[in-house]
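Asks: I'd like to ask some things about the structure below.
The values are calculated or read from the model by the stated rules, or taken from the named source; none is laboratory data. Values in this document were obtained by computation on a predicted structure and should not be read as measured data. Heads up, the Cβs are rebuilt from the backbone with ideal geometry, glycines too, and the neighbour counts pull from every protein chain shown. For the accessible areas, the whole protein counts, side chains as well, though only heavy atoms, and no ligand, DNA or RNA atoms are used. Shrake-Rupley method; radii C 1.70, N 1.55, O 1.52, S 1.80 Å.
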Amino acid sequence: ISRVAGDLIRDSASPASLTLARLASFVAPPNDAVKLTLAQTLAINGREAEALTILDSVSPFLAPAVREIRFATLQRAGQHQEALTQAQAAVALPEASLFDYARLGDAYSRAKKHGDAAQAYGESIKRAGKDAPWNLWLLYGGALDAAGDWAKAKPALQRAVELAPEQPGALNHLGYAMLERNDNIDEATRLIAKASALRPDDAAITDSLGWALYLRGQHE
């Protein structure tokens with residue numbers, strides 16, 4: 001029952017997931033995996049306070065999963081300062097993971113502390129090593145860009161595109177950042193045009209493409 005509830009969370013966050021998770025918790029009240037699923041479903045259904053209370057009862061052996069769900073729940077509840085405090089505490093732990101540093105980057109980004117966010121994302125990439133995924137490079141490059149460090153942001157964003165050449169978000173982010181700095185308009189337009197071809201109904205990408213064409217003098 002708990003696994004079905006978890007599948008519903010991933011699929012559509014259906015209210016049925018909460019019913020099933022509740023049922024699973026009645027059948028196996030001490031089961032920590034069931035508690036985690038119930039906490040997630042409660043948070044997704046707007047009952048964040050209950051979710052946080054349940055997380056307090058989960059075994060310390062599942063601390064990494066608890067930290068992840070607690071952070072998401074606090075963010076969902078609008079408790080962004082508390083989420084930042086939790087993320088800062090997590091990276092101070094001896095067992096802090098790349099995911100803890102990535103969440104700290106997310107918290108700093110939301111607080112518009114872009115330099116701190118870049119540092120946290122950079123540490124996450126360092127811990128991931130050669131397996132660092134494209135979206136982590138995109139977050140790192142985006143934070144550097146927002147912090148005004150284009151010299152470091154551009155290669156990070158280029159790395160994201162290199163790892164995921166068919167990802168419209170990465171293509172558009174790099175292309176638009178280049179447009180903003182008048183940095184190789186032709187290449188920026190190529191990147192954005194490819195993003196638009198991959199995701200033609202995305203309004204943000206279409207807007208980027210329009211701006212690129214305008215800068216090239218193609219006003220019509």
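Asks: I need to check one value: relative contact order of the chain, counting alpha carbon pairs closer than 8 Å and at least 6 residues apart, in percent.
Replies: 9
Asks: Let me ask you something else. Give the distance, in whole Å, between the Cα centre of region 30-66 and the Cα centre of region 95-163.
Replies: 28
Asks: Please compute the per residue accessible area over the chain with all protein chains in place, 1.4 Å probe, rounded to a whole number of Å².
Replies: Per residue, the chain has 54 Å² of solvent-accessible surface.
Asks: Right, something else. Relative to the longest principal Cα axis of the chain, at what angle does helix 114-128 sit, 0 to 90 degrees, rounded to 10?
Replies: Long axis of 114-128 versus the principal axis of the chain: about 70 degrees.
Asks: Could you tell me which residue out of Ala146, Ala212, Tyr176 lies farthest along the dipole of the chain toward its positive end? Charges go on the beta carbon: Lys and Arg +1, Asp and Glu -1, centred on the Cα centre.
Replies: The one lying farthest along the dipole's positive direction is Ala146.
Asks: In whole percent, and with a 1.4 Å probe on the protein chains, what portion of the accessible area of region 90-155 is carbon and sulfur?
Replies: Taking all protein chains in place, region 90-155 shows 55 percent carbon and sulfur surface.
Asks: Separate question: Evaluate the charge dipole of region 39-160 about its Cα centre and quote only its size in Debye, nearest 20, assuming +1 on the Cβ of each Lys and Arg and -1 on the Cβ of each Asp and Glu.
Replies: That gives region 39-160 a dipole magnitude of about 380 debye.
Asks: Given q = 0.10, 0.11, 0.12, 0.17 Å⁻¹, what are the Debye log10 I(q)/I(0) values for the chain, with equal point scatterers placed on the Cα positions and solvent ignored?
Replies: After summing over all Cα pairs, the log10 values are -0.57, -0.67, -0.77, -1.13.
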